[in-house]
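This report refers to the structure that appears directly beneath it.
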Amino acid sequence: MKKIAYVLIIIPAILVILRYSANDEPDPGVITELTYNVTYRYDIKGGDNYYNIESFLPLNDFRQSIDVAPSALLSSDMMQSDRDSNRLMIWRGSTETDTTISFQYSVKTRHVDFNIDQNLKLGESAVSEQQQYLESSNTIQADHPDIRESTDRFLLDSPDSINELAETLFEYVEQIPTVRNGMATDALACHQARACSEEGKSRLLTALFRSAGIPAREAGGLVLTDEKKGTVDYWMQAYIGDEWVSFDPERSHFAELPATHLELFRGDHNIVTYADVGSINSFYDIKRERQNDYTSYAIFDIWKLIDDDRLPFRPVMVLLLLPLGAYIVAISTNVVGFKTYGVFLPVLIAFSFLDMGLIQGLIFFTVIIALISFMSFPLERWGILHTPKIVCLLTVVSLYCLSAVEIFFITGWVAPSATLTFPIIILTLISERFAQKVEEESLKDALFVYGQTIIVTLSCFWILSANVIQHFFITFPETLLAIAGLSLLLGEWIGLQLFEYTRFSKIDEEVSYVK
Amino acid sequence: MLNNLVNRFRSRYKGVMGINERNRKLIYLFNERSDYILADDKLETKKVLEKNGLNCPETYAAIGRVGDIKRIWEQKRDVENLVIKPASGRGGNGILLIRRRDGEWYQGEKPVSETQIFTHIANIIFGMFSGGDDDRAILEELIVPHPELTAFYSGGIPDIRLITLADKPVMGMLRLPTRESNGKANLHQGGVGVGIDINSGTLTYAYNGKSYIETHPDSNIKIPGKIIPQWKEVMDLAGEVSKAFPLKYLGIDIVIDKNKGPLVLEINVRPGLSIQMANKAGLMSMIHATRTQV
């Protein structure tokens, strides 16, 4: 038996080492270039025959290269144009009903660091041809007395060096708290309220640069993560030493533009403008194109299957990580001595926390447990039979889930793209186990096991949420064999559990009549 | 120095059995999975016991259908006191002890209506105490425990847990109910576990789940040193029971009835490990000790 276990562990180890050494790819930790597929989607509601929608197509430059399928550009209802040296796309057409416009391209991006010359002094930069980027506007009030006064104060601190001034301005805007909804978005309001939207912050930084005599402009785009967004992101650029240097006060990038930033437009624009339309819903669906860096000797390449859309990412990840999670539970129960609700439940709860977010999931879960605890008292007093009682509990849990989902979406605590079906099923499943425990033992026992389940769940969550581990298992699925081998070894281990040492610590065999 | 510490630590826990070792070395090795039913279903247990002429409380009826509750209950009208328990219950849950006084039923001092009794039986059948699976309710004789054992505390039924390995008792524990445990004898519900020198039936150490005590918390009667009545019969019964079952590692629960003497209450294929606390001895060392005696 032991031999089989060792073989199961050694085979994948050899494969991983073989594949690792046979592919001399760059260290995956240092990603310099990323490929993403971006899809714009505009849902037009209440169109009356004619619509006109404008949006931006990113520029090709040294740090981002855009690849659009030629057929997409030849579409009859779309035209291309320029606006403020950005690439504008215009869709015009007529429709009787609600309709959807979508547009897709793939993009490769690269990280860029800008070097600001430490010795560069104010007034030394050539600014004459950038005159338009020094002017004040309705949203970037560079010559408003309040903004001027602040700039003057900052100029006193760093009188000559552009680099120092840029740092001071950046730090000032960076520490302004960001508020997502309903807050002012222009520079002056942001300056006065000391809290504003992401766009407001980039406008304020632009205004401050301009009032200090440095040309500056807003920039908008998408921060590339695997998700579906409803809005775009904002940062800005300042013209320093003959080049446009990027600053992102929202995500703390000073004089650098990470590979995750896809620039869609420069200047003070809206990503989408429309006319003759009731309303539109816009979505930006971003998908990372992954590549398997270790293709040689791969028995099957899961990355490729995911990229080809032959396997969905999420269920594959759950399947690959389920054994690891269950193994963590096995260690917690057999070696440490934790008691949990089932072997798989802590792993499944951990997965649902991955979907919902840790804090949101914990709150959601704890409220369910609290509800069942409170309800168990009257139900027990009334002597309700077991199965109807569980149905009754589940009904309340369902009602709670419905209102919780509503609250999640209104407050934005959980990303709208998160699929909540899986978490809800798992968490209601738990509620049955919990109710049963309350009934068969006591509320105290049930809560005690709940506490231990949470501890084990958190350790699962901590390990399973690590990107490194997720990618490792997708890249090297053969590791699953090793988990089987390790489980065989664990199944043979008969030592005392950690908790048993304290439990049995009072037994002192020497006083026993048996020697 | 560190080595010394590790060795002392190891030897201290050497004979103590943990749950992993118990499962692999005793349960999996001595008990066939397919025989578990003989212990897990109390009606099956009773069948084997009765077939071998081994004493156990008399069964009045078994009810497996909700529709039968009323009819069977009517047939047993003349019974004065009884125990209602699930055939596949776990951890002593779902056991109802009732007595009749002046035509009314009482659970201890609390009056119980027939409707409440019927609901309890229905709950048993619906699987409330057997993890949701359908179950049967057993109606059986309520035993009257031996006065020497109820002297510690009169509010419940004290029982003796004997661990047998290959037809030989290796370790024993007397479980005493307390007011805190609500008349139940389970250690984790507040009962007191008392170690037994199985050669003589002498009580050794009393453990209340947290610490060792000298006297019963309710009556203040000293526990260690007392001798269990009819000990030889208890040991013989345990040996016989062990022979009657194909399960070779067992926890046998025995009560001593005032009139009938030792009776088998139930048997358990997964006996708990707290018995080691009550005896201040590891199960493994006790097994070795019994083996060398033979």
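The values are calculated or read from the model by the stated rules, or taken from the named source; none is laboratory data. None of these values were measured; they are calculated from a predicted model. Backbone-built Cβ (ideal geometry, glycine too); neighbour counts: all protein chains shown.
Descriptive notes on the structure:
- Test: residue in the stretch B:224-237 that is more than 26 Å from residue B:32 (Cβ to Cβ) and within 14 Å of another protein chain (Cβ to nearest Cβ): yes
- Among residues of the stretch B:34-71 being part of a helix (DSSP H, G or I) and of a type in the set (S, T, N, Q), the one that is farthest from residue B:244 (Cα to Cα) is B:34.
- Of everything listed in (1) surrounded by fewer than 17 Cβ atoms within 10 Å (Cβ to Cβ); (2) touching a Gly at 6+ places or on another chain (Cβ under 9 Å); (3) in the same structural domain as residue B:268 (by TED's automatic domain parsing); (4) of a type in the set (Lys, Arg), the single unmet condition for residue B:90 is (3).
- Sole exception among (1) buried (at least 16 other Cβ atoms within 10 Å of the Cβ); (2) in a strand (DSSP E or B) for residue A:116, by number: (2)
- Residue under evaluation residue B:188, criteria (1) closer than 22 Å to residue B:249 by Cβ; (2) buried (at least 16 other Cβ atoms within 10 Å of the Cβ), criterion not met: (2)
- Candidates in the stretch B:238-282 are the residues that are within 14 Å of chain A (Cβ to nearest Cβ) and touching an Asp or Glu at 6+ places or on another chain (Cβ under 9 Å); of these, the one that is surrounded by the most Cβ atoms within 10 Å (Cβ to Cβ) is B:279.
- Residue, farthest from the other protein chains (Cβ to nearest Cβ), within the stretch A:325-351, restricted to residues that are touching a residue at least 40 places away in the same chain (Cβ under 8 Å), aliphatic (A, V, I, L, M) and closer than 21 Å to residue B:21 by Cα: A:328
- Screening the candidates A:47, A:29 for the property of being over 23 Å from residue A:111 (Cβ atoms), at pLDDT below 75 and in a loop (DSSP other than H, G, I, E, B) yields one hit, A:47.
- Selection within the stretch A:186-219 - touching a residue at least 60 places away in the same chain (Cβ under 8 Å) and more than 15 Å from residue A:168 (Cβ to Cβ): A:203, A:206, A:210, A:215, A:217, A:218
- Positions within the stretch A:133-168 being acidic (Asp, Glu) and either crowded, with 18+ Cβ neighbours inside 10 Å or more than 11 Å from residue A:208 (Cα to Cα) (or both), in sequence order: A:135, A:157, A:160, A:164, A:167
- When the stretch B:13-27 is filtered for residues that are closer than 22 Å to residue A:338 by Cβ, assigned to a helix (DSSP H, G or I) and within 11 Å of chain A (Cβ to nearest Cβ), the ones remaining, listed by number, are B:19, B:20, B:21, B:22, B:23, B:24.
- Qualifying residue in the stretch A:352-374 (condition: on the phi > 0 side of the Ramachandran plot, in the same structural domain as residue A:318 (by TED's automatic domain parsing), without any contact (Cβ under 8 Å) to a residue 40 or more places away in the chain and surrounded by fewer than 19 Cβ atoms within 10 Å (Cβ to Cβ)): no
- Among the criteria (1) modelled with pLDDT of 90 or more; (2) in a loop (DSSP other than H, G, I, E, B); (3) over 16 Å from residue B:279 (Cβ atoms), the one residue B:225 does not fulfil is (3).
- Those strands (runs of 3 or more DSSP E) of the stretch B:97-213 in which 2 or more residues are among the charged types (D, E, K, R) and away from chain A (no Cβ under 12 Å) occupy B:137-141, B:159-165, B:168-176.
- Total residues in the stretch A:375-414, condition within 14 Å of chain B (Cβ to nearest Cβ), of a type outside the set (S, T, N, Q), in a helix (DSSP H, G or I) and farther than 30 Å from residue A:358 by Cβ: 7
- Residues that are free of Cβ contacts under 8 Å to residues at least 12 places away in the same chain, within 28 Å of the chain's Cα centre (by Cα) and over 19 Å from residue A:10 (Cβ atoms) within the stretch A:467-498 comprise A:467, A:468, listed in sequence order.
- Residue check for residue A:246: among the polar types (S, T, N, Q) and either modelled with pLDDT under 80 or touching a helix residue (DSSP H, G or I) at 6+ places or on another chain (Cβ under 7 Å) (or both): no
- Residue check, residue A:305 in a helix (DSSP H, G or I) and under 20 Å from residue A:482 (Cβ atoms): no
For every residue, the table says whether it meets (1) in contact with a Cys (Cβ under 6 Å, 6 or more places away or on another chain); (2) under 30 Å from residue B:234 (Cα atoms); (3) outside the structural domain of residue B:234 (by TED's automatic domain parsing); (4) without any contact (Cβ under 8 Å) to a residue 40 or more places away in the chain.
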| position | (1), (2), (3), (4) |
| --- | --- |
| B:29 | no, yes, no, no |
| B:37 | no, yes, no, yes |
| B:40 | no, yes, no, no |
| B:43 | no, yes, no, no |
| B:69 | no, no, yes, no |
| B:78 | no, no, yes, yes |
| B:82 | no, yes, yes, no |
| B:99 | no, yes, yes, no |
| B:115 | no, no, yes, yes |
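- Restricting the search to helices (runs of 4 or more DSSP H) fully inside the stretch A:422-515 and requiring at least 2 residues that are in the same structural domain as residue A:365 (by TED's automatic domain parsing) and surrounded by fewer than 16 Cβ atoms within 10 Å (Cβ to Cβ) gives A:443-464, A:467-475.
- For the stretch B:34-53, the tally of residues that are surrounded by fewer than 18 Cβ atoms within 10 Å (Cβ to Cβ) and in contact with a strand residue (DSSP E or B) (Cβ under 6 Å, 6 or more places away or on another chain) stands at 1.
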